[in-house]
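A.B. asks: Dumping the structure here so I can ask a few things about it.
Nothing in this text is a laboratory measurement; each read-out follows from the coordinates by a stated rule. Keep in mind that this is a model prediction, so the values were computed, not measured. So basically every Cβ, Gly included, is an ideal-geometry build from the backbone, and we count neighbours across all protein chains shown.
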Amino acid sequence: MKTALSVKHLVGIKDLTLSDIELIFATADNFKSVINRPIKKVPSLRDVTIANIFFENSTRTRISFELAERRLSADVLNFSASASSVKKGETLIDTVKNILAMKVDMVVMRHSSAGACKFLADNIDAVVVNAGDGTHEHPTQALLDAFSIRENLGNVKGKKVAIVGDIMHSRVALSNILCLQKLGAEVMVSGPPTLIPKYISALGVKVEYDLMKALQWCDVANMLRIQLERQDIKYFPSTREYSMQYGLNKQRLDSLKKKILIMHPGPINRGVEITSDVADSDQSIILDQVENGVAIRMAVLYLLAAKTQE
């Protein structure tokens with residue numbers, strides 16, 4: 001098995017090879033044992049400085065990255081665009097170059113514009129990790145989702161995964177599709193026709209507008225949040241109607257003749273895409289995803305940090 005990633009930056013899942021993903025998973029396995037022991041830190045990135053630059057609001061992803069960085073003993077710099085010179089009109093490149101002038105080795109960035117992380121990676125020397133760019137990609141979320149499936153089902157290859165909800169506005173959906181396919185899973189998307197991109201089948205996924213048919217087909221259901229903040233028009237009459245058609249409740253889950261895993265990238269809108277009794281059930285691995293997020297991000301940062309030494 002190889003010991004180094006083929007990429008300098010983690011901009012998107014599309015840039016990773018199957019060997020890259022397997023290496024990240026193997027490294028995350030080791031780090032998961034670290035974060036479950038009494039002393040949860042290792043000195044792996046003791047001489048590395050990482051800047052978390054978030055131009056969009058985030059709770060779980062930002063905390064997960066920061067915790068991963070501190071578990072690896074890195075020096076951490078947190079930057080929030082809402083309290084920065086970006087508000088005064090400073091450009092992205094100038095903002096980041098000023099931060100890099102303070103001798104920062106790696107940048108973890110979330111941005112509202114698709115392609116912002118690729119643009120940054122092409123224009124600076126530091127290693128760039130994409131923490132979500134617009135409706136484009138969210139690679140570490142896809143990696144932790146696939147890692148969680150592997151942990152619970154033994155393997156991703158051959159598994160049937162349904163991604164349900166707002167596919168059109170979700171960066172999680174695209175990254176998950178690409179990651180799961182590289183690992184040999186079958187993928188189906190399900191949701192209202194207005195929230196399924198017109199040419200999504202070109203990615204090699206099945207499309208199913210009937211939620212129950214999608215649930216009967218799959219081994220794993222990944223329930224996505226409705227991205228109301230990204231929608232400039234109404235794509236369905238009301239959240240109540242959406243919940244009636246596409247919300248996962250205990251009655252629907254219990255009507256299946258098999259057990260399926262339930263996932264959600266968060267934050268959960270309880271009672272809309274998923275009810276509390278499903279989110280908190282023994283079929284839900286939502287909290288496993290959160291725990292695995294730290295291990296996966298530790299693995300990504302550790303492996304990419306090696307590129308700064310080359």
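A.B. asks: Which whole-Hz ³J(HN,Hα) couplings does the range 25-30 yield from phi under the Karplus relation 6.51 cos²θ - 1.76 cosθ + 1.60, θ = phi - 60°, glycine and proline marked x?
C.D. replies: Taking θ as phi minus 60°, the curve returns 5, 5, 5, 5, 4, 5 Hz for the range 25-30.
A.B. asks: Same structure, new question: Excluding residues fewer than 8 places away in the same chain, name every one of the lysines whose C-alpha is closer than 19 Å to that of Lys32.
C.D. replies: Lys40, Lys41
A.B. asks: For the range 134-166 and the range 233-307, compute the distance between their C-alpha centroids and round to whole Å.
C.D. replies: Distance between centres, Cα-based: 11 Å.
A.B. asks: What list of whole percents do you get for P(r) of the range 171-225, with Cα-Cα distances grouped in 5 Å bins up to the one holding the largest distance?
C.D. replies: Bins of 5 Å from zero give 4, 18, 33, 29, 14, 1 percent of pairs.
A.B. asks: Still on this model: Going by average Cβ density within 10 Å per residue, which order do the peptides 263-270, 106-113 take, highest to lowest?
C.D. replies: 106-113, 263-270
A.B. asks: While we're here: Can you work out ³J(HN,Hα) from phi for every residue in the range 257-271, in order, using Karplus 6.51 cos²θ - 1.76 cosθ + 1.60 and θ = phi - 60°, giving whole Hz and x for Gly and Pro?
C.D. replies: Those phi angles translate into 8, 8, 8, 10, 7, 10, 10, 7, x, x, x, 7, 9, 4, x Hz.
A.B. asks: Here's a follow-up. Can you run phi through the Karplus equation (6.51, -1.76, 1.60; θ = phi - 60°) for the range 54-60 and list ³J(HN,Hα) in whole Hz, with x for Gly and Pro?
C.D. replies: 10, 8, 10, 5, 7, 10, 5
A.B. asks: Quick one: which residues, 5+ away or cross-chain, put their amide H under 5 Å from the amide H of Asn52? H built at 1.01 Å from N.
C.D. replies: Leu77, Asn78, Phe79, Val108
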